[in-house]
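Structure record follows, encoded as structure tokens.
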Amino acid sequence: MDLPASQGSGAPDAPETTRYRQKRDEIVRAAARQIAERGLKGLTLVGVAGMVGLSTNSVTYYFRRKENLAEAAVEDALARFEAVLAPDSAPCAPRDYLRTVLARNFELALAIRRGEVAPLTVMSDMRALEEPARTRLIAEYFALVARVGRRFGEAGGGPHDKGRAVARAQLLCDLLHWSRTWLRLYAVEDFPRVEARLFDLLDRGLAVPGAQWAPDLLPASGPPEGESPGTSVEAYLRVATRLVNLRGYRGASVERIAGELQLSKGSFYHHLAGKDDLVRACFDRSYSRVSAMQHAASALPGSQWHRLSAALASLLDLQVTNEQPLLRDTALLALPEEMRSHAISRSDRIARRFAGMLSDGIADGSVRAVDPLIASQCLMGLVNSSVDMSTRVHRWPSRAALIEDYAGPVLFGFFR
């Protein structure tokens with residue numbers, strides 16, 4: 001999907017020689033590696049130049065500005081992700097399509113781990129690009145999701161049927177993105193087993209035969225009592241969370257956050273030391289809310305299936321309502337390394353608590369025998385990606401129906 005330099009890179013008009021293309025691709029791959037290590041904020045022309053053995057002026061021959069290079073790196077990642085999904089490949093049964101997509105995803109993960117190809121940037125990087133690249137590439141991404149959706153549903157179905165198919169496609173894409181984070185926990189020798197266990201989960205779900213979806217909705221925690229909604233730290237956290245979800249870490253600037261609250265930047269720095277501290281606090285706030293929901297669900301009477309259903313339904317309701325959403329875990333992939341390790345550590349603790357709930361459910365017979373560690377990461381991906389469904393509620397008869405359909409592929413399998 002690379003464009004000629006005169007169209008997409010911001011470089012001077014230049015002949016598209018083989019040597020030119022090879023060097024341009026090398027620069028894009030170096031940029032992708034730097035983004036993976038430092039986030040989009042950490043991308044620099046000087047750093048990329050050093051990685052490819054060129055001067056900074058030589059890099060600007062291919063990409064005039066850092067923003068042009070970031071756009072090219074995201075565009076390259078989107079093309080490679082499309083190759084994994086291959087929505088326009090030869091028709092086959094949806095189950096066979098899912099199996100093939102997972103196989104290609106693990107092949108890519110293996111090549112990235114071995115250093116044979118550059119890491120993929122993610123949607124949170126795409127959201128942080130400058131206009132018009134941001135709007136164009138996000139539109140291309142969601143057009144790709146829609147094409148994947150057609151592999152899971154009939155093109156001639158009604159709005160609800162099409163919505164379900166797109167929901168499955170979006171969930172699959174987010175689970176694939178998120179897998180690149182948790183696969184770090186496994187040696188490459190374990191990839192075949194992990195792939196098989198992941199397919200089994202997505203094929204058959206968590207539910208035992210006869211299980212019903214009848215969750216209790218738990219109350220969501222709101223701002224601390226007595227805090228002013230306009231100028232409190234809690235207000236900054238709510239706005240920052242929504243902006244990071246919408247525009248990525250880089251796109252959620254202090255100016256935008258203060259502007260949303262109709263306050264000055266000086267007021268922002270009166271409450272918080274800086275943007276990094278704010279985003280760290282957003283992650284801590286989100287994880288604390290998830291943790292509180294997990295503990296509340298664990299205190300309910302009944303089976304572990306009932307408790308797990310309550311936790312998931314309540315978290316998904318929080319996301320779909322989108323009034324006080326949780327910070328997307330995929331956003332942490334775009335964080336600077338010094339912040340990312342802290343956020344991933346907290347995410348892992350939340351995932352392990354889900355794994356414990358699953359293990360207890362397997363023990364009491366209310367949850368199907370699955371790999372609880374892999375399944376717990378899929379639950380994290382499920383909660384993360386559901387925030388994007390808030391704009392599609394109109395396709396369902398109710399928010400509860402949307403939540404049931406969106407959770408269904410993980411709970412009951414993609415092909416129920």
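Starting at the first residue of the stretch 90-105, write each ³J(HN,Hα) from the Karplus equation 6.51 cos²θ - 1.76 cosθ + 1.60 with θ = phi - 60°, in whole Hz, x for Gly and Pro.
Per residue, the Karplus-derived 3J(HN,Hα) values read 4, x, 7, 4, x, 5, 5, 4, 4, 4, 5, 4, 4, 4, 5, 5 Hz.
Tell me, what HN-Hα J-couplings in whole Hz come from the Karplus equation 6.51 cos²θ - 1.76 cosθ + 1.60 at θ = phi - 60° for each residue of the stretch 110-120, using x for Gly and Pro?
With the stated coefficients, the stretch 110-120 comes to 5, 5, 5, 4, 7, x, 7, 9, 6, x, 8 Hz.
What nm value, rounded to one decimal, do you get for the distance between V233 and R19 when each label is placed 7 Å out toward the C-beta?
Simple spin-label model gives 5.8 nm for this pair.
Where a ≥ b ≥ c are the square roots of the eigenvalues of the C-alpha gyration tensor, would you call the stretch 5-151 rounded, which needs a/c under 1.5, or, failing that, prolate if a/b is larger than b/c, or oblate?
Note, shape of the stretch 5-151 comes out prolate.
Full extension from R197 to R65: what is 0.36 nm times the residue separation minus their Cα-Cα distance, to one decimal in nm? Can you show the working numbers first?
Details: separation 132, 0.36 × 132 = 47.52 nm, distance 4.39 nm.
That works out to 43.1 nm of additional length.
I want to check the label-to-label distance for E131 and S398. Put each point 7 Å from Cα in the C-beta direction and report it in nm to one decimal.
Each label point lies 7 Å from its Cα, and together they span 3.9 nm.
Averaging over all projection directions, find the projected area of the Cα convex hull of the stretch 204-412 and quote it in nm² with one decimal place. Don't skip to the answer; put the middle values down first.
Numbers: hull surface 48.6 nm².
Quarter of the Cα hull surface area: 12.2 nm².
Considering only C-alpha atoms, what is the centroid distance from the stretch 281-326 to the stretch 174-198, in Å?
25
Can you work out the Karplus-derived ³J(HN,Hα) for every residue in the stretch 297-306? Use 6.51 cos²θ - 1.76 cosθ + 1.60 with θ = phi - 60°, whole Hz, and x for glycine or proline.
Karplus values, whole Hz, x for Gly and Pro: 5, 5, 7, 6, x, x, 7, 5, 4, 5.
Compute the orientation-averaged projected area for the chain from the convex hull of its Cα atoms and round it to one decimal in nm².
Working: hull surface 86.5 nm².
Hull-based average projected area comes out at 21.6 nm².
Give me the net charge of A86's neighbourhood, meaning all other residues with Cβ under 15 Å from the Cβ of A86; Lys, Arg count +1, Asp, Glu -1.
Details: positive: R80, R99, R104, R147, R150, R151; negative: E82, D88, D96, E107.
Net of charged neighbours comes to +2.
Please say if the stretch 294-416 is rounded, prolate or oblate, where rounded means a/c under 1.5 for a ≥ b ≥ c the square roots of the C-alpha gyration tensor eigenvalues, and otherwise the choice is prolate for a/b larger than b/c and oblate otherwise? Write down the numbers at each step before the final one.
Working: a/c = 1.74, a/b = 1.07, b/c = 1.63.
It comes out oblate by the Cα gyration axes.
Between helix 372-385 and the chain, what is the angle of the helix's C-alpha long axis to the longest principal axis, kept within 0 to 90° and rounded to the nearest 10?
Approximately 70 degrees, to the nearest 10.
Can you show me the helix-derived [θ] at 222 nm for the chain, built from DSSP H runs with n ≥ 4 at -39,500 (n - 2.57) apiece and divided by the number of residues, rounded to the nearest 500. Don't skip to the answer; put the middle values down first.
Working: 17 runs with 267 residues, N = 416.
For the chain, the value works out to -21000 deg cm²/dmol.
Quick one: putting +1 on the C-beta of Lys and Arg, -1 on the C-beta of Asp and Glu, what dipole do you get for the chain around its Cα centre, in Debye to the nearest 20? Intermediate results must be reported in sequence, preceding the final value.
Numbers: 53 positive and 48 negative charges, 59 e Å.
For this selection, approximately 280 debye.
Since every read-out is calculated from the coordinates, none of them should be taken as a lab result. Just so it is clear, the structure is predicted and the values come from calculations on it, not from any experiment. Positions of Cβ are generated from backbone atoms using ideal geometry, with glycine treated the same way; all protein chains shown enter the neighbour counts.
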